[in-house]
Amino acid sequence: MSLPPFRIVASTLFTSLLLAAVPFLPQARAQEGVEPVDQTTAAFAEITGMWLTEGGEGGVELYRCEEKLCGRFVWLGPDDPDPASDEGRDNRNPDPTKRKRPLCGMQFMGGFEFSSYGTFDNGWIYSPRHGNNFSARIVPVDHDHIKLRGYFLMPMLGQDQIWTRKNDMPRCRTSEDAAQPPPEEGI
């Protein structure tokens with residue numbers, strides 16, 4: 001069954017009017033005093049914060065650095081090594097001048113650009129466990145989970161991790177904390 005000609009014209013006219021009005025909607029909202037939020041700003045606001053790595057091995061702060069996404073270590077896991085020890089330093093870095101730098105607070109990922117697909121692409125991640133850089137991509141799963149894919153050459157040659165949002169993240173020990181004796185029971 002086909003539509004009568006006047007219905008086709010009316011439907012086409014309505015669609016044309018609707019599409020013609022779309023470009024003016026953000027301007028109308030701005031005139032009302034409501035500033036439109038672009039998709040990139042909203043995506044950065046959603047993903048920045050504290051994240052627990054898969055398996056609870058560490059804590060990462062994701063933050064905006066210029067127009068890209070970066071990350072730094074804020075907690076080094078349940079064993080939380082002394083920052084002055086080899087475990088608390090970047091001792092596998094291929095650059096000998098960087099082997100004494102503490103891991104806690106170190107930026108180890110960056111360059112992630114928000115894409116129109118809702119992902120953060122073209123990033124890099126440094127693995128202090130391996131002393132290597134890898135290409136990386138972040139895919140938001142939901143408000144409390146992201147999928148990080150680190151890879152070599154192409155995403156197909158990589159590995160995924162699911163990170164979980166954790167606002168009450170423990171923090172790394174500092175050198176001063178390591179020098180203090182442990183608290184006594186009952187205090």
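The values are calculated or read from the model by the stated rules, or taken from the named source; none is laboratory data. Keep in mind it's a predicted model, so treat the numbers as computed, not measured. FYI the Cβ positions are ideal-geometry reconstructions off the backbone, even for glycines, and counts take in every protein chain you see.
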With the first residue restricted to the range 115-130 and required to be farther than 20 Å from GLU57 by Cα and free of Cβ contacts under 8 Å to residues at least 60 places away in the same chain, and the second required to be of a type outside the set (A, V, I, L, M) and in a loop (DSSP other than H, G, I, E, B), Cβ contacts under 7 Å at 6 or more apart or on different chains are ASP121/SER115
Per the filter on the range 75-106, residues acidic (Asp, Glu) and in contact (Cβ under 8 Å) with a residue 24 or more places away in the chain are ASP80, ASP82, ASP90
Filtering the range 145-163 for residues that are surrounded by 12 or more Cβ atoms within 10 Å (Cβ to Cβ) and either small (Gly, Ala, Ser) or over 11 Å from the mean Cα position of the chain (by Cα) (or both) leaves a count of 9
| Just wondering, is there one or more residues in the range 115-125 that are touching an Asp or Glu at 6+ places or on another chain (Cβ under 9 Å), closer than 29 Å to ALA84 by Cα, assigned to a strand (DSSP E or B) and at pLDDT 95 or above? | no
Being farther than 27 Å from PRO155 by Cα and either exposed (fewer than 13 other Cβ atoms within 10 Å of the Cβ) or β-branched (Val, Ile, Thr) (or both) narrows THR119, THR97, THR53 down to just THR97
Checked pairs for the range 156-172, first over 12 Å from ILE47 (Cα atoms) and touching a residue at least 12 places away in the same chain (Cβ under 8 Å), second β-branched (Val, Ile, Thr) and not in a strand (DSSP E or B), C-beta under 8 Å and 6 or more apart or across chains, list as GLN161/THR53
